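The numbers here are math on the coordinates, done by the rules we state, and not lab data. What you see is a predicted model; the values in this text were computed from it and never measured. Note that each Cβ is placed from the backbone with ideal geometry, even for glycine, and that neighbours are counted across all protein chains shown.
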Amino acid sequence: MSTIYYHSNIVSNGKGVPEPITNPVVFLDRDGVINVDSCEYIKTREEFQFIPGSLEGIKQLTQQGFKCIVISNQSMIHRKISTLSHLMDMNQWMISQVQAVGGDIHDIFFCPHGPDANCSCRKPRTGLIEKAASVYSIDISKTIMIGDNLKDIQCANSAGCAHGILVRTGKGLKTESILANEKAVTSFIGDNLLDAVRWIIER
Ligand SMILES: [Mg+2]
């Protein structure tokens, strides 16, 4: 079993130890939630396109005191379609774009393995959320996970998040159509990230 995790934006206290997060936390899937997904994978900044409403959604979460943490499967690393440094570079660029509109992404945890790796971090497994929770002392039972894939919702349910939210962007419509046949439980289904954020803020 492989237990490699990566995180790319650690906010440390100068001793190399990340500060615990005391704010409420929203875990966000990346592809199909923040940016337009592609079956060819998102390999470069040029291919990275924000989905309408996603920047605004992250900005509103940030301004309402939520900490956003991205939780993402990136098997393109295992498949050698892209490299770790390209992915890290693109993630840092994504964070800079979010910060430019007044939002923030506190950190990014991703699984670089393929579907056959039997790792503990590839969603629907819960290793990424558990790693984030241990790094930042987060109570998972108070968190929210937003995703477009059945795996995201299954991961949220298995990890014990308070809410799993599905968005209809990316693979979301397809996921919605099969949800009734699955044991996955969603608290809300939104048209896009901004719609999901409105539900979170109005609760
Ligand atoms: Mg996705």
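Every residue, every condition in (1) assigned to a helix (DSSP H, G or I); (2) more than 25 Å from Cys155 (Cα to Cα); (3) not aliphatic (A, V, I, L, M), yes or no:
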site: Ile58; (1), (2), (3): yes, no, no
site: Leu61; (1), (2), (3): yes, no, no
site: Ser72; (1), (2), (3): no, no, yes
site: Met76; (1), (2), (3): no, no, no
site: Arg79; (1), (2), (3): no, no, yes
site: Met90; (1), (2), (3): yes, no, no
site: Ile95; (1), (2), (3): yes, no, no
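Has the range 145-152 got at least one residue that is in a helix (DSSP H, G or I) and away from the ligand (no atom under 13 Å from the Cβ)?
Among the residues of the range 145-152, not one is in a helix (DSSP H, G or I) and away from the ligand (no atom under 13 Å from the Cβ), which makes the answer no.
For the range 165-182, give me the residue count where each residue is loosely packed, with under 14 Cβ neighbours inside 10 Å, part of a loop (DSSP other than H, G, I, E, B) and either touching a residue at least 24 places away in the same chain (Cβ under 8 Å) or of a type in the set (Phe, Trp, Tyr) (or both).
Going through the range 165-182 one residue at a time, the tally reaches 1.
Which is free of Cβ contacts under 8 Å to residues at least 60 places away in the same chain and within 20 Å of Gly147 (Cα to Cα), of Asn73, Asn91, Asn35?
Result of the check over Asn73, Asn91, Asn35: Asn35.
Considering only residues that are in contact with a strand residue (DSSP E or B) (Cβ under 8 Å, 6 or more places away or on another chain), away from the ligand (no atom under 11 Å from the Cβ) and among the hydrophobic types (A, V, I, L, M, F, W, C), which ones fall in the range 29-62?
Phe48, Phe50, Ile58, Leu61
Just checking, does the range 107-117 include any residue being over 14 Å from Ile71 (Cα atoms), within 14 Å of the ligand (Cβ to nearest atom) and of a type in the set (A, V, I, L, M, F, W, C)?
So far as the range 107-117 goes, no, none of its residues is over 14 Å from Ile71 (Cα atoms), within 14 Å of the ligand (Cβ to nearest atom) and of a type in the set (A, V, I, L, M, F, W, C).
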